[in-house]
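Scroll down for the structure; my scribbles are underneath it.
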Amino acid sequence: MITTVICTIAAYLIGSLSSAIIVCKLFKLPDPRTEGSKNPGATNVLRIGGKLPAVITLLGDILKGFLPVLIAHLAGVNGLSLGIVALCAFLGHLLPIFFKFQGGKGVATSLGAFIALSPLVSAIALVCWISTVAVTRYVSLGSIIAAVAAPISILIFSDKGYFFPTIIMAAIIIWRHRENIKRLRAATENKIKF
């Protein structure tokens, strides 16, 4: 029980390390919360700073979801408790205590958490994301499709204890993309350039 509590708190704190803001400071770029889409995530860093800062941001966001879950798993946390550790890393990204609770949408961090929870589920979600973005060039749509695929895949292929935290993450990701959904419906959403 104590191990689970420690891992949960640590997951939130690690999740609160905003890769986008840190990378933009290191590269002397504008604060991603005030430029572009105003979202501190890899896609916005790509817009305002280019490929290298965006890739570093993406890897940082994935790692801060992956590492807390892996460490908790190695410490003996499993089932629903491990899913909650993943959820807390995700919530740290969304509401980072170190950055005035102004976080990103959580897609990359949730992917990192899923890699540690269930490599198969993360692979399914990633294939859904890549194929959707490749066909439509809408990153937001790919993220929404991947978010929907994750809890369904958990039910079919993984520990059912992960389902409740996963459905919460999926619902939050979709809710955080509500403005993107409006733009998709109006055909005004930005497309990514490969």
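The values are calculated or read from the model by the stated rules, or taken from the named source; none is laboratory data. Just so we're clear, the structure is a prediction, and the values are computed from it rather than from any experiment. Please note: Cβ atoms are built from the backbone with ideal geometry, for glycine as well, and neighbour counts cover all protein chains shown.
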Can you tell which of Gly112, Gly106, Gly83, Gly92 is touching a Leu at 6+ places or on another chain (Cβ under 9 Å), surrounded by 23 or more Cβ atoms within 10 Å (Cβ to Cβ), at positive phi and not aromatic (Phe, Trp, Tyr)?
-> Gly106
Residues located in the stretch 32-59, provided they are surrounded by fewer than 20 Cβ atoms within 10 Å (Cβ to Cβ) and touching a helix residue (DSSP H, G or I) at 6+ places or on another chain (Cβ under 6 Å) | Glu35, Gly36, Ser37, Ile56
Residue, farthest from Tyr138 (Cα to Cα), within the stretch 158-169, restricted to residues that are surrounded by 15 or more Cβ atoms within 10 Å (Cβ to Cβ) and free of Cβ contacts under 8 Å to residues at least 60 places away in the same chain = Ser158
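Residue-wise test of (1) in a helix (DSSP H, G or I); (2) in contact (Cβ under 8 Å) with a residue 24 or more places away in the chain.
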| position | (1), (2) |
| --- | --- |
| Gly103 | no, yes |
| Leu111 | yes, yes |
| Ala147 | yes, yes |
| Trp175 | yes, no |
Per the filter on the stretch 60-79, residues surrounded by fewer than 20 Cβ atoms within 10 Å (Cβ to Cβ), farther than 24 Å from Arg176 by Cα and not polar (S, T, N, Q) are Leu70, Ile71, His73, Leu74, Ala75, Gly76, Gly79
Subset of the stretch 130-152, residues surrounded by 21 or more Cβ atoms within 10 Å (Cβ to Cβ) and either within 14 Å of Ile181 (Cα to Cα) or in contact with a strand residue (DSSP E or B) (Cβ under 8 Å, 6 or more places away or on another chain) (or both), comes to Val139, Ser140, Gly142, Ser143, Ile144, Ala147
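Rundown of residues vs (1) assigned to a helix (DSSP H, G or I); (2) within 17 Å of Gly103 (Cβ to Cβ); (3) at pLDDT 90 or above, yes/no style:
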position: Pro40; (1), (2), (3): no, yes, yes
position: Asn44; (1), (2), (3): yes, yes, yes
position: Leu52; (1), (2), (3): yes, no, yes
position: Ile56; (1), (2), (3): yes, no, yes
position: Leu63; (1), (2), (3): yes, yes, yes
position: Val69; (1), (2), (3): yes, no, yes
position: Ala72; (1), (2), (3): yes, no, yes
position: Gly76; (1), (2), (3): no, no, yes
position: Leu80; (1), (2), (3): yes, no, yes
Flag if Ala125 is without any contact (Cβ under 8 Å) to a residue 40 or more places away in the chain, small (Gly, Ala, Ser), surrounded by fewer than 20 Cβ atoms within 10 Å (Cβ to Cβ) and out of contact with any Asp or Glu (no Cβ under 8 Å at 6 or more places or on another chain) = no
Scan the stretch 1-25 residue by residue and report those that are part of a helix (DSSP H, G or I) and free of Cβ contacts under 8 Å to residues at least 12 places away in the same chain.
-> Ile2, Val5, Ile6, Lys25
